[in-house]
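Notes to accompany the following structure.
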Amino acid sequence: MDEIRIGQLVMRVLHTPGHRPEAISLLVVNPTRSPEPSILLSGDTLFVGDVGRPDLGGPEGGLEQYRSTRRLLDLADYVEAFPAHFEGACGNRMCGRPSSTIGFERRFNPMLQLTEKDFVRVTAETPPRPLNMTTILATNRGLDDYAWVQLNAGGTVRSLSAGAARTWLQVRSACVLDVREPWEYAAEHIPGALSIPQAELAERLAEVSKDQEVLVVCRGGARSLRAAQFLQAVGYDRVTNLEGGTLGWISAGYPIVAGATGDLTHEILRDRVA
C-alpha cells in the first residue's frame, strides 16, 4: 500500500475503483497516537447513507464499487469517514451530514445491506448526469480547460407552458433541445427534438445555432431551466424553457415520438388538440 507523509501524519492510499477506474480513498494515520488509521477520506466510493454512482466506472463499475465498499468495511467501526460529496448529483440517497463512521454506515447505510447482485442492480439506476459533467471531468483530469462552463448563478429565462409553447412553435422555426439522458429521449420526446444531454451540453454547443430560437426541454422543467440559464450565460439570447417539461407536454395531449437519436421514430401519442 502506497503511503504519503504530510508532517506527522501518514496517508495510506487505497485503490477503490467503481465510481471511476482510477478512484482512490485515503486512510489517515497519526503514528504518534496509533499505528492504525482513525480517518478515511472516502472520495466518491462511500457516502453518508449511500455510495458513489458507478456509471463512470465502465462496464464493471457497479461490481467494482461493491468490492471497494466491502474493502472499506474491513476498517474498524471507530474510523471516521469523510466523503467528497453530500446531498448532490453523485448519489441518490446520500445524507446531508458531512461525515460519519464506518460502524454507523455498516449498520445504517442501506446500500451496504444489499447482496452483490442487488447492489449492482440498484447502482445501475443512476440519476441524470449533472449539467456539463463531461467537460467538468475533463477539466478536473487536466485533459482540457473548461473552467468557463461553471454556472455560478442562474439568470432569468423566459418559460412557457405546454399550451403556449405549442402555439409558439407553430409560428417559429425553432430548435427544440431535449437535455435529458439518451434513454429518456428514446422512450418519448417531442417530434423533431434535438437530443443533447445536459451533461454534454458545453462540448456540443456547436450543434445549437445562435441564429434560431431554442426551446429547452427536460422531464419536468428543472434540468431544462438550468441548461437554458447556461446557454443564456454563454451568449444564446433566444432561449426559452418548457415549463412542466415533457410530462406537461404529454399531459396536454400533444404528440410525442419514441426512438433513439437518428433512429426511425414512431408516434406513440396522437395529437388530441384541434
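Summary table below
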quantity: Identity of the residue in the range 29-68, surrounded by fewer than 23 Cβ atoms within 10 Å (Cβ to Cβ) and of a type in the set (S, T, N, Q), that ends up farthest from the chain's Cα centre (by Cα); calculated: 32
quantity: Test for residue 125: is it modelled with pLDDT under 95 and not small (Gly, Ala, Ser); calculated: yes
quantity: The range 70-84 residues that are free of Cβ contacts under 8 Å to residues at least 24 places away in the same chain, paired with ones that are exposed (fewer than 15 other Cβ atoms within 10 Å of the Cβ) (beta carbon under 9 Å, 6 or more apart); calculated: 70/116
quantity: Single residue of 13, 28, 48 found to be outside any loop (DSSP other than H, G, I, E, B), touching a residue at least 12 places away in the same chain (Cβ under 8 Å) and in contact with a Pro (Cβ under 8 Å, 6 or more places away or on another chain); calculated: 28
quantity: Pairs with Cβ under 7 Å, 6+ apart, first in the range 130-142 and not assigned by TED's automatic domain parsing to the domain that holds residue 199, second small (Gly, Ala, Ser) and exposed (fewer than 15 other Cβ atoms within 10 Å of the Cβ); calculated: 139/147
quantity: Counted residues, the range 170-185 - those being over 17 Å from residue 239 (Cβ atoms), in contact (Cβ under 8 Å) with a residue 24 or more places away in the chain and surrounded by fewer than 17 Cβ atoms within 10 Å (Cβ to Cβ); calculated: 1
quantity: Condition met for residue 131 (touching a Leu at 6+ places or on another chain (Cβ under 7 Å) and not small (Gly, Ala, Ser)); calculated: yes
quantity: Subset tally (residues that are in a helix (DSSP H, G or I), over 19 Å from residue 172 (Cβ atoms) and not small (Gly, Ala, Ser)) for the range 213-245; calculated: 5
quantity: Helices (runs of 4 or more DSSP H) contained entirely in the range 82-180, each with at least 2 residues that are polar (S, T, N, Q); calculated: 133-140, 162-170
quantity: Any hit, the range 203-212, residues being closer than 16 Å to residue 250 by Cβ and touching a residue at least 12 places away in the same chain (Cβ under 8 Å); calculated: no
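The values are calculated or read from the model by the stated rules, or taken from the named source; none is laboratory data. Treat the numbers as computed from the prediction; the structure is a model and nothing was measured. Glycine gets a Cβ as well: all are built from the backbone with ideal geometry, and neighbour counts include every protein chain shown.
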